[in-house]
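Read through the structure below, which is laid out as structure tokens, and then see the notes.
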Amino acid sequence: SYAVTGNTLDTPFYHSLPGLVYPWWIVDLGDNYSVYQILIYPRRDSSVQRFHNIEIRVGTTLNSSGNLTSYTLFSTYLGPYASSYGLLVCNRMDGVMGRYVSIQRASPEDDMLQLINVRVYVH
């Protein structure tokens, strides 16, 4: 329920549990759609350095193992992120078909993933 409320303020936000080496977040769109734009609002009030080396992926079947490489790569964000950036806009004019959208750190670090809000635009 975190990061999908439409709230773009810094609370409440999603953060992964401490100790996850490849922290991730996933949302179920309810059906398969052609995803063409994803807006990501990382946490801005503190710990902005945690948002880096990110992969955004789209898949058609639920994968809750944390290994999301079977999903199609939609976009990447190397970072580092600064609070002055506001939101991150990821576009794919060709669209990527899927039901599940994931955001995951692609580098092996024990550093939490923190998201304020994610908006997914589909056809």
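Quick one: work out Rg over Rh on the C-alpha atoms of region 3-123, Rh as Kirkwood radius. Can you show the working numbers first?
On the way: Rg = 13.3 Å, Rh = 14.3 Å.
Answer for region 3-123: 0.93.
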The correct ranking of Leu29, Leu39, Leu20, Leu62 by accessible area at 1.4 Å, largest first, is Leu62, Leu20, Leu29, Leu39
Give me the accessible area of Val35, 1.4 Å probe, in Å² rounded to the nearest 10. 0
With the other protein chains left in place, how much accessible area per residue, in square angstrom, belongs to the chain at a 1.4 angstrom probe? 51
Can you tell me which of Asn32, Asn67, Asn53 moves the most in a GNM of the chain? Springs connect C-alpha atoms under 10 Å apart. Asn67
Which ³J(HN,Hα) values in Hz, rounded to whole numbers, follow from the phi angles of region 51-61 under the Karplus curve 6.51 cos²θ - 1.76 cosθ + 1.60, where θ = phi - 60° and Gly and Pro get x? 9, 7, 6, 9, 10, 10, 10, 10, x, 9, 10
Surface share of carbon and sulfur [accessible, 1.4 angstrom probe, percent] for the chain: 53
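Summing Lys, Arg as +1 and Asp, Glu as -1, what charge do residues with Cβ under 9 Å from the Cβ of Asn53 carry, Asn53 excluded? Intermediate results must be reported in sequence, preceding the final value.
Values: positive: Arg105; negative: Glu55, Glu109.
Cβ neighbours under 9 Å give a net charge of -1.
The values are calculated or read from the model by the stated rules, or taken from the named source; none is laboratory data. Model, not experiment: these values are computed from the prediction. Reconstructed Cβ throughout: ideal geometry from the backbone, glycine too, with neighbour counts over all protein chains shown. Keep in mind that these areas ignore ligands, DNA and RNA; they rest on the heavy atoms of the full protein, side chains included. Shrake-Rupley method; radii C 1.70, N 1.55, O 1.52, S 1.80 Å.
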